[in-house]
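As structure tokens, the structure follows; a few thoughts come after it.
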Amino acid sequence: MSGLDLSNHRRLVVKVGSSLLVDDTGQLNRNWLENLADDVADLANAGQEILIVSSGAIAIGSSVLGINKQRARLEELQAAAAAGQVQLVHAYQECLRRHDIAAAQILLTPEDTENRRRFLNARRTLEKLLERAVVPIINENDTVATEEIRYGDNDRLAARIAQLVMADALILLSDVDGLYTSDPGASEDAEHIPIVSSINSDTLAMAGESRSDVGTGGMATKVQAASIAMHAGCSTVIASGVIAHPLRALIDGARCTVFSASATPAVARKQWLAGALEVRGELHLDDGAVGALGSGGSLLPVGVVAVAGNFRRGDVVTLKNASGADIGRGLAEYSDEEATRLAGLQSDQIEAALGYRGRAVMVHHDELVLFDND
Ligand code: GLU
């Protein structure tokens with residue numbers, strides 16, 4: 001029995017490594033991908049939302065362009081990524097279409113997940129795709145990401161995506177079925193670890209010694225990815241993808257390592273907000289807005305009576321009630337200038353006030369925490 005019941009997880013990020021998808025000659029393993037798409041369709045039919053982070057662009061593109069990956073310069077690899085990505089995503093599109101599932105391509109650089117303003121943009125787009133049951137196929141935007149500013153491996157990218165969309169589980173499919181106490185290829189005493197409930201120096205040491213897969217990210221980056229995800233309330237699974245139906249196998253109890261998160265994504269997000277050190281401004285709310293937030297709603301411009309401070313979209317702001325008490329915190333969807341212009345307006349007046357369409361809320365309910373004042 002695996003330590004993770006996938007059916008309990010509403011939103012899953014699945015990371016597919018190059019070595020599973022592309023053979024040594026750079027040919028895409030179509031059969032494997034069709035089987036994965038069958039698994040994705042099963043989960044989607046059970047009401048689960050799936051995002052796929054897939055590598056493989058450089059491997060496929062290198063064969064298209066006749067580039068030797070080992071000897072190639074950065075710009076050659078970037079060209080290979082451009083040529084390979086289009087084939088990669090097309091293959092996903094075709095395999096998912098057999099199940100009437102639409103795919104969407106998302107290419108990101110670290111700026112898009114580390115900068116809070118862009119983080120919110122990427123997040124809203126992904127939410128819209130998931131609402132429409134589209135499966136996002138995500139990769140690093142290798143053609144513009146240079147050495148100093150890359151994620152470099154898709155394990156960490158996948159963890160950032162899991163954090164971004166508040167996924168409940170991150171599944172790292174690779175050519176190993178989990179974490180071992182030492183390199184299982186080199187030592188017969190290597191023991192498989194089924195569950196990790198907190199990552200400490202021992203875990204990191206084991207990851208350093210464990211066999212790494214042939215992609216960019218070895219076991220150490222997988223453990224780092226698990227750490228990012230766990231902090232975001234997302235459990236991580238390292239499982240073998242070297243089988244025909246890897247997700248089905250996982251559901252049936254295939255061996256894997258589960259890094260189990262103690263909090264839920266929503267709780268982790270609120271803890272992060274509550275502890276954020278940089279608070280850039282204030283939004284003063286009327287009683288109606290305070291009541292709406294109390295019942296789980298978002299903060300709309302109409303409920304804002306005053307704005308203070310210098311902030312940009314994505315910055316943390318304090319929420320204050322009519323008597324000036326701090327009632328919570330949230331991520332501002334607008335800058336202080338825009339918020340000032342919008343304060344007191346109905347959502348359908350936003351476009352006229354700003355001169356562009358804008359967003360309906362001032363602070364989204366997923367991005368706010370209310371303090372316990374009494
Ligand atoms: N983004 C790279 C690609 O699609 C792969 C990075 C990795 O192997 O993790 O080829």
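Readers should treat all values here as calculations from the given coordinates under stated rules, not as data from a laboratory. Remember, it's a predicted structure, so these values are computed and weren't measured experimentally. No Cβ is skipped: glycine too gets one built from the backbone with ideal geometry, and neighbour counts run over all protein chains shown.
Considering only LEU285, VAL302, GLY26, and ranking their Cα positions along the charge dipole of the chain that arises from unit charges at the beta-carbon of Lys, Arg, Asp and Glu, the one farthest toward the positive end is VAL302.
Reducing the stretch 24-94 and the stretch 271-291 to their Cα centroids gives an inter-centroid distance of 42 Å. Length available on full extension from ARG10 to GLU75: 0.36 nm per residue minus the Cα-Cα distance, which gives 19.5 nm.
Rounded to the nearest whole Hz, the Karplus-based 3J(HN,Hα) values (6.51 cos²θ - 1.76 cosθ + 1.60, θ = phi - 60°) of the stretch 124-133 follow the sequence 5, 5, 4, 4, 4, 5, 5, 4, 8, 6, with x at glycine and proline. Cβ-to-Cβ counts within 10 Å put ARG132, ARG255, ARG280 in ascending order as ARG132, ARG255, ARG280, the fewest first.
Taking every DSSP helix (H) stretch of at least 4 residues in the chain, weighting each as -39,500 (n - 2.57) and dividing the sum by the residue count yields a mean residue ellipticity at 222 nm of -11500 deg cm²/dmol.
At a threshold of 8 angstrom on Cα-Cα distance, excluding pairs fewer than six apart, so keeping six or more, what relative contact order does the chain reach in percent? Can you show the working numbers first?
Details: 804 pairs, mean separation 56.2, N = 374.
About 15 percent, as a whole number.
What do the square roots of 5 times the Cα gyration tensor eigenvalues come to for the stretch 96-156, in whole Å, largest first, as semi-axes of the equivalent ellipsoid?
Details: eigenvalues 115, 45, 11 Å².
For the stretch 96-156, the ellipsoid semi-axes come out as 24, 15, 7 Å.
Order of 56-62, 193-199, 35-41 by packing, highest average Cβ count within 10 Å first? Walk me through the numbers on the way to the answer.
Values: 56-62: 26.3, 193-199: 15.7, 35-41: 20.7.
Result, highest mean Cβ count within 10 Å first: 56-62, 35-41, 193-199.
Any idea what the alpha-carbon Rg over 2.2 N^0.38 Å comes to for the chain? For the chain, the normalised Cα radius of gyration is 1.07.
Once the Cα atoms are used to define both axes, helix 265-275 deviates from the longest principal axis of the chain by about 50 degrees. In the stretch 31-125, taking the dipole from charged Cβ atoms about the Cα centre, the farthest positive-side position among GLY47, THR113, ALA59 is held by THR113. The Cα-based radius of gyration and maximum Cα-Cα distance (Dmax) for the stretch 124-166 are 12.0, 36 Å. Towards the positive end of the charge dipole of the chain, with charges on Cβ (+1 Lys, Arg; -1 Asp, Glu), say which of THR203, ILE228, SER335 has the farthest Cα. Farthest towards the positive pole: SER335.
How much net charge surrounds LEU36 when only other residues with a Cβ under 13 Å from its Cβ are counted (Lys, Arg +1; Asp, Glu -1)? Walk me through the numbers on the way to the answer.
Numbers: positive: LYS15, ARG30, ARG98, ARG248; negative: GLU34, ASP38, ASP39, ASP42, GLU94.
Within the 13 Å Cβ shell, the charges total -1.
Indicate, rounded to the nearest 5 percent, the antiparallel portion of the DSSP beta bridges found entirely in the chain.
Details: 21 of 52 bridges.
In the chain, approximately 40 percent of DSSP beta bridges are antiparallel ones.
Put in order of Cβ neighbour count within 10 Å, fewest first, the listed residues TRP32, TRP272 become TRP272, TRP32.
Neighbouring Cβ atoms within 10 Å as the yardstick, rank CYS256, CYS95, CYS234 fewest first. Present the calculation step by step, with values, prior to reporting the outcome.
On the way: CYS256 25, CYS95 22, CYS234 30.
Sorted ascending by nearby Cβ count, the order is CYS95, CYS256, CYS234.
Counting only alpha carbon atoms, the long axis of helix 154-164 and the longest principal axis of the chain meet at about 30°.
Only Cα pairs under 8 Å and 6+ residues apart enter the sum, and on that basis the relative contact order of the stretch 104-235 stands at 25 percent.
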